[in-house]
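Here the structure is laid out as structure tokens; the discussion comes afterwards.
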Amino acid sequence: MGTSGTLAGMRILVTGGAGFIGANFVHWTRQHRPDVEITVLDALTYASDGSSLASLREAVSLVEGDISDAGLVDTLVSQTDLVVHFAAESHNDNSLVDPSPFVQTNVIGTFTILEAVRRHDVRLHHISTDEVYGDLELDDLSRFTEDTPYNPSSPYSSTKAASDLLVRAWVRSFGVRATLTNCSNNYGPYQHVEKFIPRQITNVLDGVAPKLYGDGLNVRDWIHVDDHNSAVWAVIDNGRLGETYLIGADGEKNNKEVVQAILVALGQPADAYDHVTDRPGHDMRYAIDSTKLRSELGWTPAYADFAKGLAATVAWYQANEGWWRPMKEATELRYAAIAAH
Ligand code: NAD
Ligand code: TDX
């Protein structure tokens, strides 16, 4: 049973709506679903930027608060028709330095949301990652499907896996009306400069060589953030309750290819990058089979051409230095501290 046709004029609570994907989701929703009333709940951690939503200040309510704050979450959930749950600690490298906020936000925070939607019988859409499935070998032709067993590698991905399992259990045990999506690596505007693509774009803009972990042959399955968000809406509209849908756009590239494309887009020699110490436990390859989403819900990505989407993203970072500059220095200091360990 989906919710097709029921959402016009409805109220949605977007957790993590000041972060990368959440902010793009809010912009996408304003543009494509102008009747939907949006409240964002966001703790405004280091990963967020209020200015990502600045142009929507009149149209969107922004509540600063923690998803683990049961009283606040209960009040907000009682006033909404749907929760779209993006809020998370999201960066693998940080989870290797200090896992504790990952357990708190991704596990306890999701538990807090689940208890509130259970009490108020509110529909939930839970946002998750393909990293819950672990990784694939480079010479393995298979891709992740909804039936792949969970096998997360990092503190980040294990806490996301835990959150997914909590959602599934609340569906089965308490009849919570929830859907889940697990998406591959996103790129696009408003992504924090700690993440691979914006880190390397802004390094090159600063005259610094991009940093490739290890041999740079690890593969990620890139998807433009707008394609992720159109798929989330497809599942909200017509997804079957209790079901998981994998989201991916057939965008497999190794990290070296991505760095080379960024360098060339910015007029630099393709080999002007550095190899640095590998990430501990670094997942080798992610790859999504999104047949279920495409065949059941008729979804297709708009950004079929990664090179075009990447060029647009490079141009966005060039044009929006005022957005990323304030977070760049602190981010590189954090990376320098990790390297010094
Ligand atoms: P992000 O780090 O850019 O944003 C996370 C947002 O959550 C921030 O605005 C932050 O302030 C907020 N937040 C963190 N802790 C909070 C708390 N305790 N209470 C309230 N708000 C809190 O992350 P993102 O890349 O936009 O990821 C969003 C979601 O999508 C996450 O659930 C992530 O696991 C999932 N995901 C991300 C990717 C990707 O490639 N980035 C891919 C698949 C799935
Ligand atoms: O400086 C770097 N050099 C480098 O080679 C950084 C920051 C990363 N990398 C590599 C590590 C990965 O193989 O690039 C790849 C992508 O790294 P991240 O941007 O850190 O992403 P990843 O670890 O793959 O996780 C991302 O996708 C799944 C998101 O951060 C997660 O939130 C999401 O769940």
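Summary table
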item: Cα-based Lys proximity count in the chain, under 23 Å, for pairs eight or more positions apart or on separate chains; result: 15
item: Percentage relative contact order, the range 227-317, counting C-alpha pairs under 8 Å, at least six apart; result: 42 percent
item: Vicinal HN-Hα couplings computed from phi for the range 260-273 (Karplus, 6.51 cos²θ - 1.76 cosθ + 1.60; Hz; Gly/Pro x); result: 4, 5, 5, 4, 5, 4, 9, x, 9, x, 5, 9, 7, 10
item: Positive-pole candidate from Thr313, Met284, Phe20, dipole of the chain, charges at beta carbon; result: Phe20
item: Net charge over other residues, Cβ less than 14 angstrom from the Cβ of Val63 (K, R count +1; D, E count -1); result: -4
item: Distant-in-sequence amide H partners of Val83 (H built 1.01 Å from N, under 5 Å); result: Leu13, Arg123, Leu124, His125
item: Amide H contacts of Phe144 (H built 1.01 Å from N, under 5 Å, at least 5 apart or other chain); result: Ala287, Ile288, Asp289
item: Cα gyration tensor shape of the range 41-132, rounded if a/c is under 1.5, else prolate or oblate by comparing a/b with b/c; result: oblate
item: The range 321-336 - phi-based ³J(HN,Hα) in whole Hz, Karplus 6.51/-1.76/1.60, Gly and Pro as x; result: 4, x, 6, 8, 4, x, 9, 5, 5, 4, 5, 5, 5, 5, 4, 5
item: Relative packing of 118-131, 296-309, which averages over residues the other C-beta atoms within 10 Å, highest first; result: 118-131, 296-309
item: In order through the range 212-226: 3J(HN,Hα) via Karplus (6.51 cos²θ - 1.76 cosθ + 1.60), integer Hz, x for Gly, Pro; result: 9, 6, x, 7, x, 8, 5, 10, 10, 9, 6, 9, 5, 4, 5
item: Area projected by the alpha carbon convex hull of the range 195-281, averaged over all directions, nm²; result: 7.2 nm²
item: The range 176-334 - share of DSSP beta bridges that are antiparallel (%, nearest 5); result: 25 percent
item: Calculated SAXS-style log₁₀ I(q)/I(0) at q = 0.27 Å⁻¹ - the range 275-341, Debye, Cα scatterers; result: -1.09
item: Per residue accessible area in Å² of the chain, where ligands, DNA and RNA are left out and the probe is 1.4 Å; result: 41 Å²
item: Rg and Dmax of the range 83-146, Cα atoms only, in Å; result: 15.1, 48
item: Rh (Kirkwood; distinct C-alpha pairs) - the chain, Å; result: 20.3 Å
item: Sulfur and carbon atoms: percent of accessible area, the chain [1.4 Å]; result: 51 percent
item: Per-residue [θ]222 nm for the chain (sum of -39500 (n - 2.57) over DSSP H runs n ≥ 4, rounded to 500); result: -12500 deg cm²/dmol
item: Listed residues Glu329, Glu257 arranged by accessible area, highest first, probe 1.4 Å; result: Glu329, Glu257
item: Formal net charge of residues neighbouring Val36 (Cβ-Cβ distance under 9 Å; K, R +1; D, E -1); result: +1
item: Protection-proxy order for peptides 52-59, 155-162, each taking the mean of Cβ atoms within 10 Å per residue, highest first; result: 155-162, 52-59
item: Beta bridge orientation in the chain: antiparallel %, DSSP, nearest 5; result: 10 percent
item: Local electrostatic count at Ser154 - Lys and Arg +1, Asp and Glu -1, tallied over other residues with Cβ under 12 Å; result: -3
item: Peptides 195-205, 25-35 ordered by average Cβ neighbours within 10 Å, highest first; result: 195-205, 25-35
item: For the range 86-116 versus the range 197-213, the gap between their alpha-carbon centres in whole angstrom; result: 27 Å
item: The range 176-219 shape via C-alpha gyration tensor axes, a/c threshold 1.5; result: oblate
item: Amide H contacts of Gly216 (H built 1.01 Å from N, under 5 Å, at least 5 apart or other chain); result: none
item: Shape of the range 256-307, Cα gyration tensor, a/c cut at 1.5; result: oblate
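The values are calculated or read from the model by the stated rules, or taken from the named source; none is laboratory data. Computed from a predicted structure; not experimentally measured. Because the Cβ atoms are built from the backbone with ideal geometry, glycine has one as well, and the counts that use them run over all protein chains shown. Just the protein is used for accessible areas: all its heavy atoms, side chains included, with ligands, DNA and RNA removed. Shrake-Rupley method; radii C 1.70, N 1.55, O 1.52, S 1.80 Å.
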